[in-house]
Each structure stands twice: as C-alpha cells, then as structure tokens.
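Novice: Sharing a structure below in structure tokens format, with a few things to ask.
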C-alpha cells in the first residue's frame, strides 16, 4: 500500500473503515498499532492518529492509551440524507425545474398546524400553496404556513418569483427542526398532481425553529414516481 | 461564557454551529479569530482549533491561513438517519417486539430483484417472507432475497428464531448500499398487514454489497400508522 506519495488521513480512514465493514478487522478485536499502519501506508504516525481519532469519534473504534484500539461491536449504522431542495433535486435528474404559486393568504393556522408549531389560536400565519414542476409535469405540491411573528419580512416577499423554500433558506435561518415521511391517498393534492385522489403518494412534513421561535410547517405531497433515496 | 471549567471542543463546536444557524455569524462573513474565541470560552486555542476544523470538514466554515475563517454561504444541509433496526424502533416506542417467519424458499430471484443486485439468471438466492409486530399488531411485512454465493452461512441459520435483519447485521458485513422510500397500495402485503390492498403504505427498498459482491435486497411494507422521522 506504501506508494509514491504519502496517503491523506482521509484515505487511510476510508481504507480502515472498509476493513471494519468487511471484517478484515473484526468486531471486538484489536487493530494493528499506529506505527504498523503508518509503515503500511508510508505516512507519518500523526496521519494515522488523525484517521483513527475520526473513526473513534464516529463510534467505530475504541481507543485505549495502553490497551490499543479495538473495533466496537455492532455500532448503530447511520445514513446521511441531503435535505431535499426541490430545484436541485429536479435539476440533478437533468429536468427543467418550474414553480407556480397557487394560493397566498394571511390568517390563523388550522388546529393541527397550530399544534405542530405550538402556536396560540390568534397567531397570524402566511399560508402558501405551491406546485413544483419537472419538465412541466407536476413533481410536488406544497402547503405551507409561515409564522409572521418570527419571519415578518416574508409578508413583503415576491413569492410568485422565488419559491418559499428558497426564500426561507436564504432569509430565515433555523437552529433545529424535523422531517417525517408517510404514505397517504393523494386526496386534495390530486388535482394539482394530476392523479386520482385515491392514488398513494409520499408525504413529507417538515418544521423548523429558530431557538424557541417557530418558523414554518410544510406538508409536501410528491408525485407517484418520486423516490426518496439514501446512501448507506 | 468563560466558566469554572474549560469547555470541550465539542461544546464550542455546537455553540459556533448555533451561531452560524441563527446568523450571529452571517454567511460569507469572517468569524472572530481563534484567540478571541479561546478567550471567550476560557480554553486553549488548540481546543478552538479542533472545533473549527470539525466545522470546516463538515462544510460550514472556510478556513484560510492568512485570511481568517469565513462562514460558507448556503451549505447543503444534511439530516442523519439511524438506519431503521426494526426491533429497536418498536421497543423505543415502549411496545413489545414480535417476529414471525412466514415463508422460506431457495431458488433464482425474480427478474426485478436480479436487476437490482445485478445477478445472473441462474444465481441461487434464499427467499424470506417475514412479519414484524408491535404489541402483537402488524408493523412491517418484509420480502427479502439473500445471495447464497455471498452469504452461504445463512442456509443453515435458524431464521424462525432470529430475524433475517439481525442475522445479517451480525454475520454479513457490508461495505455499501442504498435505501429508497416510496408510497404504493398495500397490494399483496395487505393480508399480512391487516389492511385493504388499496390502502397506501410506505415502502422501503434496501440493498447492500460487500465490495463487488451483492448481499441482499429487501422490500419492506410498513403499517399505515408508520412515520419515518428525521431530525434536522
């Protein structure tokens, strides 16, 4: 493995990760010491140390000063998901992205939305209905409520020109939030999506917060051909 | 912010992350230098350095030796998902987990499964049908194909006692794979799930590989009440 150029700590980390995954380094067992790994890769011990520290922080290795480094048994595997950004997603498939604002109104949110965002009954929200297109065909239908107290600037935004997601990503930073996926009949979203109300569609619900202040709750119905993909 | 005890690099990283998210440190702008942050937190510069390096590697900061550290504009936000482990998921909700093996057979896989795993027509697979229960009620119905060439030991496994997921997690390490979610009518899974064939359900497809060797492809239909949840 020792080559003409010193390996980066990332490439050493990735190789060790593959060896953990394919059990060249089995669960519960000691892996070679830093000096031996450094010799194998033809690099400095500090580089190996950086790679092992990263794997230890990610929960794959247990490092003990005297006892050496062991592979942790049965770590919880994680998958990472790029948070769907509708335009990027459509364009990444080589399709033209389109967007239409279908409705815009101001008023209190319905009870289920208030419960999600823990809003009082009188709280003013901006309600938006929008349709996102891929090569002119319906891709996603979105209903969204934005809390005006948290994001007053959206009242003046031209949301026929810029979609609410992109406006919020740029203008309304959030500290935390959550997403949920489930399946349901297209129902009231059927007309916009051009399918039957009984057709099953994937629904994403998303809400975000800026510290204690609720920002927005969105309910997105995806066209039937949509697949949510994650790498392992 | 300087307290009685020196802050850990992780707590400094988390505080800086919140400041990026709520735009105390705005996109494109320089953040305070290491020495100033170290003074604020009452810790060593090396600790701040470790925190900033982590945020730079995660794609939130751009560090330049002379020019200082800037917040990267519009980073792609990522969500992390614990890969669903059905027993843990059910038990985490305070419900009793149950499992039944419904069918087991050996033979070639159908064409769509062969295409997924890039298998030749003659490849022998183990086919498994299983039902996973929460407090005795159907929670998930799974159809799975395991490539016997890659995982010969599964032929002798007692899969009525240990569910295939748990057996594979323990015995069949993988290097990579993918997951996909979509909505469809329950169809042939309806009888096992105790719903109507036209009821919409969430379907997860998952496949894993050990380097070039295909391990398994699974198609899981979840009960209608199921929600896939991700933190932001």
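Every number in this text was worked out from the coordinates using simple rules, so none of it is lab data. Computed from a predicted model, the values in this text were never measured in an experiment. Ideal geometry is used to build each Cβ from the backbone, glycine not excepted, and the neighbour counts take in all protein chains shown.
Novice: Would you mind giving the three semi-axes, in whole Å and largest first, of the ellipsoid equivalent to the protein assembly as shown according to its Cα gyration tensor?
Specialist: Numbers: eigenvalues 275, 270, 79 Å².
One finds semi-axes of 37, 37, 20 Å for the protein assembly as shown.
Novice: Give the average over all directions of the projected area of the C-alpha convex hull of the stretch A:86-222, one decimal, in nm². Please report the intermediate quantities before stating the final value.
Specialist: Numbers: hull surface 32.5 nm².
In nm², the orientation-averaged hull projection of the stretch A:86-222 is 8.1.
Novice: When chain A is modelled as a GNM with alpha-carbon springs shorter than 10 Å, which of A:153, A:172, A:134 fluctuates the most?
Specialist: Comparing A:153, A:172, A:134 in the GNM, the peak value goes to A:153.
Novice: Extent of the stretch A:153-232 along each principal axis, from alpha carbon coordinates, in Å, largest to smallest?
Specialist: 37, 35, 22
Novice: Another one. Please say if the stretch B:136-185 is rounded, prolate or oblate, where rounded means a/c under 1.5 for a ≥ b ≥ c the square roots of the C-alpha gyration tensor eigenvalues, and otherwise the choice is prolate for a/b larger than b/c and oblate otherwise? Could the numbers behind the result be given before it?
Specialist: Working: a/c = 2.20, a/b = 1.30, b/c = 1.69.
Oblate, since a/c reaches 1.5 and b/c is not below a/b.
Novice: Let me ask another. Among A:140, B:17, A:204, what is the fewest-to-most ranking by other Cβ atoms within 10 Å? Spell out each step's value before the answer.
Specialist: Values: A:140 25, B:17 18, A:204 21.
Listed from fewest to most nearby Cβ atoms, that is B:17, A:204, A:140.
Novice: Tell me whether the stretch B:9-71 comes out rounded, prolate or oblate; compute the Cα gyration tensor, take square roots of the eigenvalues as a ≥ b ≥ c, and use a/c under 1.5 as the rounded threshold. Provide the component values of the computation, followed by the final result.
Specialist: On the way: a/c = 1.42, a/b = 1.21, b/c = 1.17.
Rounded is the answer for the stretch B:9-71, as its axis ratio a/c remains below 1.5.
Novice: Still on this structure: Could you let me know the centre-to-centre spacing of the stretch B:144-178 and the stretch A:53-68, using Cα atoms, in angstrom?
Specialist: What the calculation gives is 28 Å, centre to centre.
Novice: Starting from the Cα gyration tensor of the stretch A:107-163, take the square roots of the eigenvalues, sort them a ≥ b ≥ c, and report rounded, prolate or oblate (rounded when a/c is under 1.5, otherwise prolate if a/b is larger than b/c, else oblate). It would help to have the intermediate numbers written out before the result.
Specialist: On the way: a/c = 3.62, a/b = 1.67, b/c = 2.17.
Verdict is oblate for the stretch A:107-163.
Novice: Which semi-axes, in whole Å and largest first, does the equivalent ellipsoid of chain B have when worked out from the alpha carbon gyration tensor as the square roots of 5 times its eigenvalues? Don't skip to the answer; put the middle values down first.
Specialist: Working: eigenvalues 440, 87, 60 Å².
Equivalent ellipsoid of chain B: 47, 21, 17 Å, largest first.
Novice: Specify the residue with the greatest mean-square fluctuation among A:23, A:206, A:219, computed from a Gaussian network of chain A linking alpha-carbon atoms under 10 Å apart.
Specialist: Most flexible of the set in this elastic network: A:23.
Novice: Next question. Helix B:9-21 versus the longest principal axis of chain B: what angle, 0 to 90°, nearest 10, using Cα atoms?
Specialist: Tilt of helix B:9-21: around 90 degrees.
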